[in-house]
Structures are given as C-alpha cells and as structure tokens.
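Remarks on the structure that follows.
The values are calculated or read from the model by the stated rules, or taken from the named source; none is laboratory data. This is a predicted model, so every value here is computed, not measured. Cβ: placed from backbone, ideal geometry, glycine included. Neighbour counts: every protein chain shown. These area figures cover heavy atoms from the full protein model, side chains too; ligands, DNA and RNA do not enter into them. Shrake-Rupley method; radii C 1.70, N 1.55, O 1.52, S 1.80 Å.
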Amino acid sequence: MPKHYRPAGKKKEGNAAKYITRSKAVKYLQISLATFRKICILKGVFPRDPKKKVEGNHKTYYHMKDIAFLVHDPLIEKFREIKVHRKKVKKAFAKKNKDLADRLLNRPPTYKLDRLILERYPTFVDALRDLDDCLTMVHLFAALPAVEGERVQVQRIHNCRRLSHEWQAYISRTHSLRKTFISVKGIYYQAEVQGQKVTWLTPHALQQVLTDDVDFNVMLTFLEFYETLLGFINFKLYHSINVNYPPVLDPRLEALASELYALCRYMSSGRVPGNSESAGLIEDKEDENNKESSKTDESEIRLAQLQHQLPTNEPGALMHLVQESTATDAEDADAKECKSLFRNLKFYLSREVPRESLLFIIPAFGGTVSWEGEGAPFDETDEDITHQIVDRPTQSHVFLSREYVQPQWIYDCVNARIILPTEGYFVGRVPPPHLSPFVDNDAEGYIPEYAETIKRLQAAAQNQVLPLPSIGDEDMENSLVEAIIDRSESNEVADKKRKLEMLEKQYHDELKMECEGMTFSNRTTDNPPDVMDKNDGKQAEKDAADISKALMSRKQRGLLQAIEIHQERKRDKVSLLKKRKKNADSSASAKGR
C-alpha cells in the first residue's frame, strides 16, 4: 500500500481540506463567476496563497472557512432573485407585453449593505483604519464625467461627489488636515480623525476619459460597498460635532457647483440635532468655551513669555508646574497649530487655480477664502484681501495692498506649518521645489537644500522671543540683536575650543612618537598617525564583520546581504541626486552669465 494512500470516503486532511479552488467554490455555492466575484468583494473574502498547492500553481485558492461563511449569506438569495427578475423582464419584452415589463421594471428587488458594514467593522476605529482606499475610489468616481449612456450611472457620480464634499467639509470644519502633496497622479491628503491617520488621493480637475482596459464591473462593486461605508462614517462624524446629517444645502450655491462652500456654511451655522432652543443653548456654550479658550491662550502666552525670562539653570520650571493641568490641551496642540496657521489672512482665488482643492485647504487651516464667480462671499475689490492666488504671468489690475502668489505657496506653507516668505512664489518666477511631506529625508540620507531652508525658518519661528507688555518695539529689536550677538560669540568660543583640542591631540601624538624613537623624517615619509589609526580601525571593523558573517546561518547571511544591497542602492540614489543638483546649479549659473 502506498504511503499517502487514502481510502475512498475518508476525510481529507492538510491543505486539501483547508483550501478550495475557485472553480470548485463556484460549483459549491451554485452561482456564476461574476456573482462569486461580487459576493467576495462585498464580504471581504480574498484569495489565499497556501504553501503547498494541491491542485497546481496555476489555480486560485480560497480558504474553505471563507467559502462556508458565504453559503448561507442572504445576499446570495438576493442575487438569485435579481437574476430571475431580469429573465422575467426579458421574457416580457420578448412577448411584447409592455405593461408587465413596466410593472417589473418599477418594482425591482433591492438589497442593503448595512449589515455588512457592521460585520466587517465591529468598531468605528476599524472603519477609519480601512478608509484610505474608500476615499480614493469615491474621489476618483466623483471626478468622472456625468454623461448619460456611459458605463457609470450619472446618479452614482453625483452620489460620490456629494459624499466626498461631505467628508472634506468635516475635515475642514474640525481642522483635521495635516499634510498635502501635489503629484502627477493627483493631490495627496492626510488627515487625523480620532487618532487615526487617513491618507487619500484626489485626481486633478481635468477631463477624464473612460478607457476600455479597465474592468468597471469590479470597480463598481467596490464602489457600491465604499459608498455605504463612507455614508455611515460621515453620519457618525457629523453627529460627533452636533450637526444634522444629511445636510440641507443652499439650492442657489448647489446650482452654481459650490457644494463644498455650501456645506461649510451649513456646518458653521450650527444646525444641530433637535429643536432651535437646544441650538441656542449650544451656541451659548460655544461662546463660553471660546471665551475660556481665549483666556487659556492668553495665560499660555504669558507663561511662554515668563519662560524666556527664567535663568538658564532652571529650564522649563513653570511648564512643569502646569504640565498636569494642560495635559488635555497638549493633545490638541497639533490641531491648534493647524487652526491658526492662516488666521487673520484673507485669500482670493483666480479662475485658473485649482479652486476645489484650495477651498478645502485654506479654511482647514483657519483662513478666509473667496473665488472669482457667482456665489462668492466677497469680490476681488475687497480691500481686506491679503493674498491673491494666481497662476498667470500678467494681471488686468494689480492691488498694492495684497500679495500675488502661486498656488504652490499654500501647499508648502501647510506642510511647513509656518508662513513662508512669498518672494520665491511671485507670479512669473520658477517656484522652489515642491517637497513631499511623506518622505523622511533623514532616513533616505539626502536632505534637499530647500528642506534645510525650511528647517531654519521653522527653528527661527519657534525660538522667537515674545515681547512683554512693558517692552516696546525698539527694546524688542535690541534684545533680538543682543541674542544674535551672544549666539555668534558662543559659536566662536566653540570653534576655538575645538581647535585647541585638535592641537592638544597632535601634541600628545608627537610626544608618543618621540618616546618610541621615531624621527621627524620618518614621520613625514610614513603615513600620518591619524591615517594609520583610521586604517587600523577600518581593518579591525572588517575583520570583525568577516568573523560575524562566518558564524551566521545561511538565512541570516542572506538577510544581511539583502540589507547591504538596500544600503548600497540608497547610497547610489543619494549620489545621483547630488550629481543632478550639481549639474542643475552649474547650468543655472551658466544661464545667469
């Protein structure tokens, strides 16, 4: 008898019992392949990769527990009813029974995915963690052309646009946006909602073309689930800030395609669940909270001012005294910083800039914004406008009381969390490089020149000394000058100390060589002591690495080799970037001549 012989009727064991192929799963569920794909997407069942593939490497495997989980799902019966309904409609049209066909078309079988949301995401935090792909998909379909006769229904596109604007209005209202980056694919955003970082991509506002190499049936199935998920998340988030959902928008602004601005107005008007009296009470409470927050801000400013007056041997003494009382405020320090970035700044958008993106970003960081067109809150002639966002080299009329900057200035200020100088972003100039906030320059090993400039500006903004009420502007300037002089003197003292240490080390090395009997001529002809010490150190490190490699197992040696290859590629990439930077600087200097 063979070793692996299994008698007929004996229960399967191992991978043969744990996994099942897709064709067998379709036969087991008695549904079509398209329905199987749809039910797997909606229920979150994905193919598996077993170590031992019993029926060959060319087949797709599923876990047997997942297929057993789908057997008694009510959606399968609903899909069968839909299939039967389509056959009845087709048969009625074939028999030219138009009345029966109309009755069937007016009463199609429907289903809801509310139960699936609760099954797949037991808690609200689980839903927020899985929101990245959902937002990207919804924003993608919201940018598609709403044309009748296309493969995507117009109602689906309008629904995606509504859901995306509701999400953006919440993020802008709660000042939860943290990062943004413009790339070739689109605009990346990252927000922090209830402690969870959510990143999504929105396409550029260009004419989208539906290609034939994309399976829209699969994408529409994902979209069907994501629409329900985002609707539930928006409902939960809106009620968390005491705002009714779904919102009722201004029909005039909605007709002018200004849904995002209409949503922001709706949320700022204080439409809370309940009657008008409760709304008035909540508004009074908000006013009291605002007064209390302003008082705490003033006290924090005063503490910061006193902090700069403390002696150098008592760093952070006052801050340690109030650390426990301000523990809750420290958690929202990031939100406060984002909320006050564009405070007291008024922006006006020209018609050539990306309006929807800037209408989303500027209010999220505390700014006031308007645009060119109907439904705008204020006109271009408003004298309180501080910045006008333009992207054309020439302007019909220039106001001297405002600054004209390119749209990139907004995104760079958001990523740097400071108001950057506008000289490099003037109209007609080539702006500085747009750096990605999602890249860790220290980990990559290459820090761009503009990133170092931004770091210096951030350090200067954080270390600025706040003036006390009794100190005037002239005294403040004098104190700043004195601080700069003290810093330069301390740098000079550090340089002198470093040179003295080097000279002292050289003196001790020469004294040691003199004791050993080495003459000055031999010292000059041979390698210097520093070079000899460095070579000896490198050789010792190399010998230690060789010994450690010899003691490693084959698996550990392979992992070490992969790490070394990764580090070598990173070094090559850094050297290539430095070379490109050098070539760009040389070409720019040649053009300047």
Stokes-Einstein translational diffusion, the range 1-152 - Kirkwood Rh over all Cα pairs, 1.567 mPa s, 4 °C, in µm²/s: 66
GluC sites (Glu not before Pro) within the range 74-156: DSSP coil, no more than 10 neighbouring Cβ in 10 Å: Glu148
1.4 Å probe accessible area per residue over the range 49-173, in Å²: 63
For the range 572-593 versus the range 36-61, the gap between their alpha-carbon centres in whole angstrom: 50
Rounded to the nearest 10 Å², the accessible area of Ile41 at probe 1.4 Å: 20
Relative contact order of the range 339-465, pairs being alpha-carbon contacts under 8 Å that are 6 or more residues apart, as %: 20
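Compute, for the range 553-593, the length of the dipole vector about the Cα centre, with Cβ point charges of +1 (Lys, Arg) and -1 (Asp, Glu) only. Units Debye, rounded to 20.
Values: 14 positive and 4 negative charges, 16 e Å.
Rounded to the nearest 20 debye, it is 80 debye.
In Å², and per residue, what accessible area does the range 553-593 have when probed at 1.4 Å with the other protein chains present? Mind showing how you got there, number by number?
Details: 3880 Å² over 41 residues.
Per residue, the range 553-593 has an accessible area of 95 Å².
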In the range 151-219, the trypsin sites (Lys or Arg not before Pro) that fall in loop regions by DSSP, at most 15 other Cβ within 10 Å: Arg151, Lys185
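Multiplying the sequence separation of Glu81 and Arg115 by 0.36 nm and subtracting their Cα-Cα distance, what value in nm do you get? Walk me through the numbers on the way to the answer.
On the way: separation 34, 0.36 × 34 = 12.24 nm, distance 1.89 nm.
Net length gain for the segment: 10.4 nm.
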Computed over the range 14-72, Kirkwood Rh from alpha-carbon pairs, angstrom: 11.6
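For the range 380-465, run through the trypsin sites (Lys or Arg not before Pro) and keep only the ones in DSSP coil with at most 13 other Cβ atoms within 10 Å of their Cβ.
Numbers: sites: Arg402, Arg417, Arg429, Lys455, Arg456; in loops: Arg402, Arg417, Arg429.
Qualifying residues, ordered by number: Arg429.
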Rounded accessible area per residue of the range 339-465, 1.4 Å, Å²: 51
Qualifying lysines (Cα of each under 19 Å from Cα of Lys236; at least 8 residues distant if same chain): Lys112, Lys197
All Cα pairs of the range 99-160, percent lying beyond 14 Å: 72
Accessible surface of the range 14-72, 1.4 Å probe, proportion on carbon and sulfur as whole %: 51
Flagged links, alpha-carbon separation over 29 Å, of Lys499/Lys582; Lys51/Lys555; Lys339/Lys573; Lys18/Lys83: Lys499/Lys582; Lys339/Lys573; Lys18/Lys83
Per-bin percent of Cα-Cα distances, the range 339-465 [10 Å]: 11, 41, 33, 12, 2
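Quantify, in whole percent, the carbon and sulfur part of the accessible surface of the range 553-593 (1.4 Å probe; protein heavy atoms only). Intermediate values should be presented prior to the final figure.
Working: 2130 of 3880 Å².
That share works out to 55 percent.
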Surface share of carbon and sulfur [accessible, 1.4 angstrom probe, percent] for the range 339-465: 49
